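A short write-up of the structure that comes next.
The values are calculated or read from the model by the stated rules, or taken from the named source; none is laboratory data. Given the structure is predicted, the values throughout are model-derived calculations rather than measurements. Because the Cβ atoms are built from the backbone with ideal geometry, glycine has one as well, and the counts that use them run over all protein chains shown. Ligands, DNA and RNA are stripped out before the accessible areas are found, and what is left, the full protein with its side chains, is counted by its heavy atoms. Shrake-Rupley method; radii C 1.70, N 1.55, O 1.52, S 1.80 Å.
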Amino acid sequence: MTEPESVDTRMRRWRLAIGVDQDELEKSDQRLCGALDALYGDGETQGGKKPRGGLGKSSPKALSTWMGEIRAYFPTPVVQIVQRDAFEKYDLKHMLTEPEFLASVEQDVNLAADLIELKDVMPDEAKAAAREVIASIVAKLMEQLEMKMSEAIRGAVDKSKRTFRPRPSDISWEKTIAANLRHYQPDYRTVIPEKLVGFHRRQRRKVDLDEVILCVDQSGSMATSVIYASIFAAVMASLPVVSTKLVVFDTSVVDMTEELADPVDVLFGVQLGGGTDIDQAVGYCAKIIEQPTKAHFILITDLYEGGDQKSFLQRMASLKRSGVNVLVLLALTDEGRPSFDKDLATKLAGMDIPCFACTPDQFPDLMGACLRRDDITIWASTHDIKLIRNDTPHDEPTSIT
């Protein structure tokens with residue numbers, strides 16, 4: 001269950017809400033206080049001092065930055081009111097419908113996350129413009145990620161079957177060199193291979209398809225992870241070699257599998273923010289797994305559980321015992337050092353469930369390793385990724401770099 005709110009947190013919230021002299025605040029709160037005053041103040045703080053904070057030049061990205069800070073200290077209904085007020089005061093409707101603004105703003109995954117978070121307070125005209133921007137961002141990301149993802153999935157090789165006429169990408173150089181050592185050329189200090197050794201690619205029938213279930217936390221802190229997971233799920237859903245399902249959750253669970261043909265529709269169906277009930281989401285996913293020994297369950301969450309932690313751990317253990325390949329991604333982002341519940345991650349690690357953060361660039365190779373059921377500990381070490389260990393001190397860095 002959610003931890004009781006501390007006295008310090010309540011006091012901090014009230015000080016920010018009623019407005020105080022910024023000199024009385026901790027440095028980390030001064031920007032947040034300035035942002036609230038910029039939205040609701042009359043230009044002066046108590047004591048007649050001009051606020052040093054504020055939004056500066058307004059943009060969805062600047063707005064979302066301090067909205068993330070507000071979301072950390074106020075309940076969802078309050079955050080929704082502040083979002084709506086900010087949208088109106090800073091005339092974001094006009095900005096989002098101006099071609100000049102849309103052409104000049106940096107269109108990246110962070111902007112997409114910002115717009116998705118604001119979509120519920122946008123009028124229809126602005127929402128249509130935001131959808132076009134998101135569609136453009138998604139198209140660029142798909143172009144960057146689709147080929148690598150497709151190659152990683154299609155190229156999952158069956159190492160039990162050798163071939164002496166492998167494709168270049170399937171050559172096992174270690175075995176090729178070992179098989180051709182007698183052809184070593186001292187003058188050139190190299191081996192000239194007489195034959196190449198590699199592996200057959202798997203030929204899968206429909207009934208033998210592996211299942212991939214991506215279960216994604218849609219709390220506000222996971223916004224970028226939701227976008228990348230949705231795009232990867234859409235790519236995998238287009239491949240006939242795997243069966244892909246996408247489930248997103250907060251305190252409710254939504255199965256987005258039927259929407260995967262259009263990742264933009266998926267993203268507009270996401271509701272960022274709110275509470276988190278991971279246990280409920282894992283329970284739903286367990287019910288839709290058809291063949292446990294062919295299933296790969298990828299839970300993408302920061303593990304800040306608002307539901308039943310004990311039940312959640314029991315469900316994860318049950319999935320693993322049934323033969324499901326289970327792992328937890330604490331983040332799927334370009335940044336390192338994710339924020340997550342270290343105690344819960346440590347308990348999962350003690351159950352031999354890998355927990356770590358992953359970049360979008362690493363994710364295709366990770367999925368290839370999962371489909372081959374490689375040892376993820378070895379895979380992570382070759383990619384300089386630190387897995388959470390059941391003996392990891394809580395203050396030890398968990399950077400993905």
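Of the candidates 193, 166, the single residue that is closer than 27 Å to residue 372 by Cβ, modelled with pLDDT under 65 and assigned to a loop (DSSP other than H, G, I, E, B) is 166. Which one is farthest from residue 210 (Cα to Cα), of the residues in the stretch 290-315 that are open to solvent by less than 10 Å² (accessible area, probe 1.4 Å) and of a type in the set (A, V, I, L, M)? Across the stretch 290-315, the extreme among qualifying residues is 303. Scan the stretch 183-197 and report the pairs whose first residue is under 15 Å from residue 173 (Cα atoms) and in contact (Cβ under 8 Å) with a residue 24 or more places away in the chain and whose second residue is open to solvent by 80 Å² or more (accessible area, probe 1.4 Å) and in a loop (DSSP other than H, G, I, E, B), with Cβ atoms within less than 7 Å and a gap of 6+ or a chain change. Correct list of pairs: 195/164; 196/164; 197/164. In the stretch 344-381, the qualifying residues are those that are closer than 21 Å to residue 309 by Cα and part of a helix (DSSP H, G or I), and the one that is most open to solvent (accessible area, probe 1.4 Å) is 347. Being outside any helix (DSSP H, G or I), open to solvent by 60 Å² or more (accessible area, probe 1.4 Å) and not small (Gly, Ala, Ser) holds for only one residue in 271, 280, and it is 271. Taken across the stretch 366-386, residues that are within 21 Å of residue 216 (Cβ to Cβ), at pLDDT below 95 and not hydrophobic (A, V, I, L, M, F, W, C) do occur, with at least one present. Taking the numbered list (1) exposed (fewer than 15 other Cβ atoms within 10 Å of the Cβ); (2) assigned to a helix (DSSP H, G or I) in turn, residue 384 passes all entries but (2). Tally up the residues in the stretch 275-314 that are without any contact (Cβ under 8 Å) to a residue 40 or more places away in the chain and aliphatic (A, V, I, L, M), please. The qualifying residues number 2.
The set of residues in the stretch 316-329 being open to solvent by 20 Å² or more (accessible area, probe 1.4 Å) and outside any strand (DSSP E or B) consists of 317, 318, 320, 321, 322, 323. Taken as a whole, the structure places residue 221 among residues that are at pLDDT below 95, part of a helix (DSSP H, G or I), open to solvent by 10 Å² or more (accessible area, probe 1.4 Å) and among the small types (Gly, Ala, Ser).
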